Amino acid sequence: MRFDLTEDQRALRDQVRVFTNEEIEPKARNLDREEEYPSTIFDELGERRLTGLTIPEEYGGRGEGFVELALVIEELSAGLMSVASTIGLHLGVAEVIERFGTETQREDFLPEMASFDTVGALGLSEANAGSNKLERLC
């Protein structure tokens, strides 16, 4: 199957690539070394509405698709994987709310998630339920 990016997809990829090169890469080593949360990076991604990339426009997002998401995650990963994985998980949670939540939940959460004022997260660990990864280490 032949697949070509659209002009808009290439422009988005290039925009995020420039942002990554100029704003993330110069800070990445120090952020990792100091174990510092990259709040200024997330603030800027929120201002650019990249934290709402796949959230519908009616809720303050950009209304883009999964190809655009893959392009953005790939570019962010080149700069700092923790930023890319945070955005990917955040938008995954937003997708669950959009698809399976009530309209009230969509209205309550998605606009703030689009701007990153509310951050989507996932809890992995359940005591005594077999999903606590620390207990599984030998």
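Coordinate-derived values only; no laboratory data. This one's a predicted model, so the numbers in the text were calculated from it and none came from an experiment. Backbone-built Cβ (ideal geometry, glycine too); neighbour counts: all protein chains shown.
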Simple Cβ-charge dipole of the chain, Lys/Arg +1 and Asp/Glu -1, about Cα centre, in debye nearest 20
520 debye
Radius, Kirkwood style, for the chain when every pair of distinct Cα atoms is counted (Å)
16.2 Å
Could you work out the local net charge near GLU107, counting Lys and Arg as +1, Asp and Glu as -1, over the other residues with Cβ closer than 12 Å to its Cβ?
-4
For segment 8-120, what's the relative contact order in percent, using C-alpha pairs closer than 8 Å and at least 6 residues apart?
30 percent
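Could you order the peptides 26-32, 46-52, 1-7 from most to least packed, using the average number of other C-beta atoms within 10 Å per residue? Working shown, then result.
Values: 26-32: 13.4, 46-52: 20.0, 1-7: 6.9.
Highest-to-lowest ranking by the protection proxy: 46-52, 26-32, 1-7.
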Hey, rough spin-label estimate for SER85 and ALA11, points 7 angstrom out along Cα→Cβ, what's it come to in nanometres?
3.3 nm
Extend 7 Å from the Cα of VAL119 along its Cα-to-C-beta direction; within segment 95-113, residues with backbone N under 14 Å of that point are 113
Roughly how many nanometres apart are two label points built 7 Å out from the Cα toward the Cβ at GLU107 and LYS27?
3.5 nm
